[in-house]
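Only one structure is covered here, and it is reproduced in the block below.
The values are calculated or read from the model by the stated rules, or taken from the named source; none is laboratory data. Fair warning: this is a prediction, and the values are worked out from it, not measured in the lab. Quick reminder, even Gly has a Cβ in these numbers, built from the backbone with ideal geometry, and neighbours come from all protein chains shown. The protein model used for the area step is the full one, side chains on, heavy atoms only, and it has no ligands, DNA or RNA in it. Shrake-Rupley method; radii C 1.70, N 1.55, O 1.52, S 1.80 Å.
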Amino acid sequence: MLTVGLTGGIGSGKTVVSDRFASYGVPVIDTDVLARELVEPGQPALAEIVAEFGPDCLDDGGRLNRAVLRERVFIDDAGRRRLEAILHPRIRALARVRIAALNAPYSLLVIPLLAETGMTDLVDRVLVVDVAEAEQVRRVMARDGIDEAQARRILAAQANRSRRLALADDVLENFGDLAELDQRIADLHQYYLRLATVSLS
Ligand code: ATP
(Lines give C-alpha, C1' and ligand atoms only; values in the text may rest on other atoms or scores of the structure.)
Protein backbone atom coordinates (compact mmCIF):
# COMPACT_ATOMS: atom_id res chain seq x y z
CA MET A 1 0.00 0.00 0.00
CA LEU A 2 1.15 3.48 -0.86
CA THR A 3 1.77 5.70 2.16
CA VAL A 4 1.72 9.45 1.62
CA GLY A 5 3.29 11.59 4.34
CA LEU A 6 1.48 14.87 4.88
CA THR A 7 3.31 17.76 6.46
CA GLY A 8 3.23 21.54 6.63
CA GLY A 9 3.98 24.29 9.10
CA ILE A 10 1.66 25.35 11.89
CA GLY A 11 -1.62 26.66 10.54
CA SER A 12 -0.77 25.65 6.97
CA GLY A 13 -3.99 23.65 6.69
CA LYS A 14 -2.96 20.04 7.47
CA THR A 15 -6.14 19.33 9.41
CA VAL A 16 -8.41 20.82 6.77
CA VAL A 17 -6.53 18.80 4.12
CA SER A 18 -6.45 15.49 5.98
CA ASP A 19 -10.17 15.80 6.82
CA ARG A 20 -10.85 16.26 3.13
CA PHE A 21 -8.84 13.17 2.16
CA ALA A 22 -10.64 11.25 4.91
CA SER A 23 -13.98 12.27 3.39
CA TYR A 24 -12.88 10.33 0.27
CA GLY A 25 -12.40 7.26 2.43
CA VAL A 26 -8.62 7.56 2.66
CA PRO A 27 -7.35 6.22 6.00
CA VAL A 28 -5.58 8.96 7.94
CA ILE A 29 -3.11 8.32 10.74
CA ASP A 30 -1.81 11.35 12.61
CA THR A 31 1.48 11.10 14.49
CA ASP A 32 0.29 13.78 16.92
CA VAL A 33 -2.63 11.53 17.84
CA LEU A 34 -0.26 8.55 18.22
CA ALA A 35 1.97 10.67 20.46
CA ARG A 36 -1.00 11.45 22.69
CA GLU A 37 -1.98 7.77 22.90
CA LEU A 38 1.56 6.90 23.90
CA VAL A 39 1.50 9.18 26.96
CA GLU A 40 -1.84 8.00 28.33
CA PRO A 41 -1.68 6.96 32.01
CA GLY A 42 -0.15 3.50 32.34
CA GLN A 43 1.92 3.79 29.17
CA PRO A 44 5.67 3.17 29.60
CA ALA A 45 6.51 6.44 27.80
CA LEU A 46 4.66 8.42 30.47
CA ALA A 47 6.66 6.73 33.24
CA GLU A 48 9.88 7.56 31.39
CA ILE A 49 8.84 11.19 30.97
CA VAL A 50 8.09 11.50 34.68
CA ALA A 51 11.44 9.87 35.55
CA GLU A 52 13.21 12.33 33.24
CA PHE A 53 11.31 15.58 33.82
CA GLY A 54 9.81 15.13 37.28
CA PRO A 55 6.33 14.53 38.72
CA ASP A 56 5.20 18.12 38.15
CA CYS A 57 4.74 17.13 34.50
CA LEU A 58 1.58 15.38 35.67
CA ASP A 59 -1.71 17.05 36.52
CA ASP A 60 -3.73 16.17 39.62
CA GLY A 61 -5.42 13.32 37.77
CA GLY A 62 -2.07 11.72 36.84
CA ARG A 63 -2.26 12.72 33.19
CA LEU A 64 0.52 14.42 31.31
CA ASN A 65 0.38 18.19 31.64
CA ARG A 66 1.41 18.98 28.10
CA ALA A 67 1.64 22.73 28.69
CA VAL A 68 4.19 22.29 31.51
CA LEU A 69 6.28 19.86 29.47
CA ARG A 70 6.10 22.00 26.33
CA GLU A 71 7.23 25.06 28.26
CA ARG A 72 10.11 23.12 29.78
CA VAL A 73 11.54 21.75 26.54
CA PHE A 74 10.86 24.89 24.51
CA ILE A 75 13.88 26.61 26.05
CA ASP A 76 15.99 23.51 26.70
CA ASP A 77 17.40 21.78 23.62
CA ALA A 78 18.91 18.89 25.56
CA GLY A 79 15.56 18.30 27.30
CA ARG A 80 13.76 18.35 23.98
CA ARG A 81 16.16 15.76 22.61
CA ARG A 82 15.59 13.53 25.66
CA LEU A 83 11.84 13.83 25.19
CA GLU A 84 12.19 12.97 21.51
CA ALA A 85 14.35 9.96 22.40
CA ILE A 86 11.47 8.69 24.54
CA LEU A 87 8.70 9.39 22.05
CA HIS A 88 10.00 9.14 18.50
CA PRO A 89 10.98 5.46 18.38
CA ARG A 90 7.58 4.59 19.85
CA ILE A 91 5.73 6.83 17.39
CA ARG A 92 7.58 5.19 14.50
CA ALA A 93 6.82 1.68 15.74
CA LEU A 94 3.14 2.43 16.35
CA ALA A 95 2.77 4.15 12.97
CA ARG A 96 4.20 1.06 11.24
CA VAL A 97 1.80 -1.23 13.11
CA ARG A 98 -1.21 0.94 12.27
CA ILE A 99 -0.24 1.28 8.60
CA ALA A 100 0.31 -2.48 8.28
CA ALA A 101 -3.23 -3.06 9.55
CA LEU A 102 -4.83 -0.91 6.83
CA ASN A 103 -6.49 -2.17 3.71
CA ALA A 104 -6.80 0.64 1.17
CA PRO A 105 -5.13 1.72 -2.08
CA TYR A 106 -3.24 4.40 -0.19
CA SER A 107 -3.17 6.06 3.20
CA LEU A 108 -2.13 9.39 4.62
CA LEU A 109 0.32 9.62 7.50
CA VAL A 110 0.21 13.13 8.97
CA ILE A 111 3.64 14.07 10.34
CA PRO A 112 3.55 17.75 11.31
CA LEU A 113 7.24 17.77 12.23
CA LEU A 114 8.47 15.68 9.31
CA ALA A 115 11.29 18.08 8.44
CA GLU A 116 12.40 18.24 12.08
CA THR A 117 12.19 14.51 12.88
CA GLY A 118 13.39 12.94 9.63
CA MET A 119 10.57 10.39 9.66
CA THR A 120 10.56 10.26 5.86
CA ASP A 121 11.47 6.56 5.92
CA LEU A 122 7.92 5.81 7.12
CA VAL A 123 6.37 7.07 3.87
CA ASP A 124 6.65 6.50 0.13
CA ARG A 125 6.05 10.12 -0.84
CA VAL A 126 5.84 13.46 0.89
CA LEU A 127 3.01 15.94 0.38
CA VAL A 128 3.73 19.42 1.74
CA VAL A 129 0.89 21.83 2.41
CA ASP A 130 2.43 25.14 1.51
CA VAL A 131 1.40 28.65 2.45
CA ALA A 132 3.24 31.95 2.80
CA GLU A 133 4.49 32.64 6.33
CA ALA A 134 2.45 35.83 6.64
CA GLU A 135 -0.71 33.82 5.92
CA GLN A 136 0.33 31.12 8.43
CA VAL A 137 0.64 33.83 11.06
CA ARG A 138 -2.77 35.28 10.19
CA ARG A 139 -4.52 31.90 10.31
CA VAL A 140 -2.91 30.82 13.59
CA MET A 141 -3.74 34.17 15.23
CA ALA A 142 -7.37 33.89 14.09
CA ARG A 143 -7.73 30.22 15.05
CA ASP A 144 -5.93 30.23 18.40
CA GLY A 145 -6.63 33.80 19.54
CA ILE A 146 -2.92 34.56 20.05
CA ASP A 147 -1.03 37.70 19.14
CA GLU A 148 1.41 38.10 16.28
CA ALA A 149 4.53 37.81 18.46
CA GLN A 150 3.36 34.47 19.88
CA ALA A 151 2.49 33.16 16.43
CA ARG A 152 5.90 34.17 15.09
CA ARG A 153 7.64 32.57 18.08
CA ILE A 154 6.01 29.22 17.26
CA LEU A 155 6.85 29.56 13.57
CA ALA A 156 10.47 30.35 14.37
CA ALA A 157 10.78 27.13 16.39
CA GLN A 158 9.75 25.03 13.36
CA ALA A 159 11.68 24.18 10.22
CA ASN A 160 11.31 26.96 7.70
CA ARG A 161 9.30 26.80 4.53
CA SER A 162 12.19 26.06 2.18
CA ARG A 163 13.44 23.20 4.34
CA ARG A 164 9.99 21.59 4.22
CA LEU A 165 9.60 22.17 0.51
CA ALA A 166 12.96 20.49 -0.10
CA LEU A 167 11.37 17.23 1.13
CA ALA A 168 8.28 17.46 -1.06
CA ASP A 169 7.38 15.06 -3.83
CA ASP A 170 4.08 16.91 -4.15
CA VAL A 171 3.15 20.41 -3.04
CA LEU A 172 -0.39 21.41 -2.15
CA GLU A 173 -0.64 25.16 -2.40
CA ASN A 174 -3.07 26.56 0.14
CA PHE A 175 -2.91 30.24 -0.79
CA GLY A 176 -6.47 30.63 -1.96
CA ASP A 177 -9.93 29.87 -0.62
CA LEU A 178 -11.24 26.52 0.59
CA ALA A 179 -13.01 25.79 -2.71
CA GLU A 180 -9.68 26.00 -4.55
CA LEU A 181 -8.07 23.79 -1.95
CA ASP A 182 -10.86 21.21 -2.32
CA GLN A 183 -10.31 21.06 -6.08
CA ARG A 184 -6.58 20.51 -5.65
CA ILE A 185 -7.23 17.74 -3.13
CA ALA A 186 -9.72 16.06 -5.47
CA ASP A 187 -7.05 16.07 -8.22
CA LEU A 188 -4.37 14.76 -5.86
CA HIS A 189 -6.69 11.99 -4.67
CA GLN A 190 -7.12 10.77 -8.27
CA TYR A 191 -3.37 11.04 -8.79
CA TYR A 192 -2.60 8.94 -5.69
CA LEU A 193 -5.19 6.33 -6.69
CA ARG A 194 -3.44 6.03 -10.07
CA LEU A 195 -0.02 5.80 -8.43
CA ALA A 196 -1.29 3.14 -6.04
CA THR A 197 -2.58 1.08 -8.97
CA VAL A 198 0.71 1.41 -10.83
CA SER A 199 2.74 0.40 -7.80
CA LEU A 200 0.53 -2.71 -7.38
CA SER A 201 0.94 -3.89 -10.98
P1 ATP B 1 -1.55 22.95 13.20
O2 ATP B 1 -0.15 22.81 12.70
O3 ATP B 1 -1.65 23.99 14.26
O4 ATP B 1 -2.17 21.65 13.61
P5 ATP B 1 -2.87 22.85 10.64
O6 ATP B 1 -1.75 22.79 9.67
O7 ATP B 1 -3.60 21.57 10.93
O8 ATP B 1 -2.42 23.55 11.97
P9 ATP B 1 -5.47 23.93 10.09
O10 ATP B 1 -5.95 23.85 11.51
O11 ATP B 1 -5.99 22.92 9.12
O12 ATP B 1 -3.87 23.94 10.06
O13 ATP B 1 -5.71 25.39 9.49
C14 ATP B 1 -5.38 26.54 10.25
C15 ATP B 1 -6.56 27.50 10.23
O16 ATP B 1 -6.64 28.08 8.94
C17 ATP B 1 -7.90 26.82 10.51
O18 ATP B 1 -8.69 27.72 11.24
C19 ATP B 1 -8.45 26.59 9.11
O20 ATP B 1 -9.85 26.55 9.10
C21 ATP B 1 -7.91 27.82 8.35
N22 ATP B 1 -7.67 27.54 6.92
C23 ATP B 1 -6.90 26.59 6.38
N24 ATP B 1 -6.88 26.68 5.05
C25 ATP B 1 -7.66 27.73 4.73
C26 ATP B 1 -8.06 28.36 3.50
N27 ATP B 1 -7.64 27.92 2.31
N28 ATP B 1 -8.87 29.43 3.57
C29 ATP B 1 -9.29 29.89 4.76
N30 ATP B 1 -8.97 29.36 5.95
C31 ATP B 1 -8.17 28.29 5.95
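Residues in the range 175-187 that are within 15 Å of the ligand (Cβ to nearest atom) and either assigned to a helix (DSSP H, G or I) or touching a His at 6+ places or on another chain (Cβ under 7 Å) (or both): how many? The total comes to 9. Residues that are more than 16 Å from the ligand (Cβ to nearest atom) and more than 16 Å from LEU122 (Cβ to Cβ) were ranked within the range 27-41; the one that is surrounded by the most Cβ atoms within 10 Å (Cβ to Cβ) is VAL39. Inclusion of LEU167 among residues that are in contact (Cβ under 8 Å) with a residue 24 or more places away in the chain, away from the ligand (no atom under 14 Å from the Cβ), in a helix (DSSP H, G or I) and open to solvent by 30 Å² or more (accessible area, probe 1.4 Å) is not warranted. Restricted to the range 1-95, the set of helices (runs of 4 or more DSSP H) holding at least 1 residues that are more than 22 Å from GLN150 (Cα to Cα) comprises 14-23, 31-38, 44-53. Within the range 121-155, the only residue that satisfies the criterion of being buried (at least 16 other Cβ atoms within 10 Å of the Cβ) and polar (S, T, N, Q) is GLN136.
When you scan the range 50-57, do you find a residue that is within 14 Å of the ligand (Cβ to nearest atom) and either at pLDDT below 95 or open to solvent by 70 Å² or more (accessible area, probe 1.4 Å) (or both), even just one?
No, that holds for no residue.
Filtering THR7, THR3 for residues that are touching a strand residue (DSSP E or B) at 6+ places or on another chain (Cβ under 7 Å) and away from the ligand (no atom under 16 Å from the Cβ) leaves a single hit, THR3.
Just one of the numbered conditions (1) open to solvent by 10 Å² or more (accessible area, probe 1.4 Å); (2) under 15 Å from THR15 (Cα atoms) is not true of LEU102: (2). Pairs are defined by a Cβ separation below 8 Å, a sequence spacing of at least 6 or placement on different chains, a first member in the range 177-191 that is in contact (Cβ under 8 Å) with a residue 40 or more places away in the chain and under 12 Å from VAL17 (Cβ atoms), and a second member that is open to solvent by less than 50 Å² (accessible area, probe 1.4 Å) and in a loop (DSSP other than H, G, I, E, B); the pairs so defined are LEU181/GLY13; LEU181/ASN174; HIS189/VAL26.
Of the numbered conditions (1) of a type in the set (A, V, I, L, M); (2) in a helix (DSSP H, G or I); (3) open to solvent by less than 50 Å² (accessible area, probe 1.4 Å); (4) closer than 30 Å to ARG72 by Cβ, ALA159 satisfies every one except a single condition; which is it? Here ALA159 clears every test but (2).
Scanning the range 69-111 for residues being in contact (Cβ under 8 Å) with a residue 24 or more places away in the chain and among the β-branched types (Val, Ile, Thr) gives a total of 5. Here PRO44 meets each of (1) crowded, with 16+ Cβ neighbours inside 10 Å; (2) modelled with pLDDT of 95 or more with one exception, condition (1).
Within the range 133-164, can you find the residues that are of a type in the set (S, T, N, Q) and more than 10 Å from the ligand (Cβ to nearest atom)?
Applying the first criterion (of a type in the set (S, T, N, Q)) to the range 133-164 yields 136, 150, 158, 160, 162.
Residues satisfying the conditions are GLN150, ASN160, SER162.
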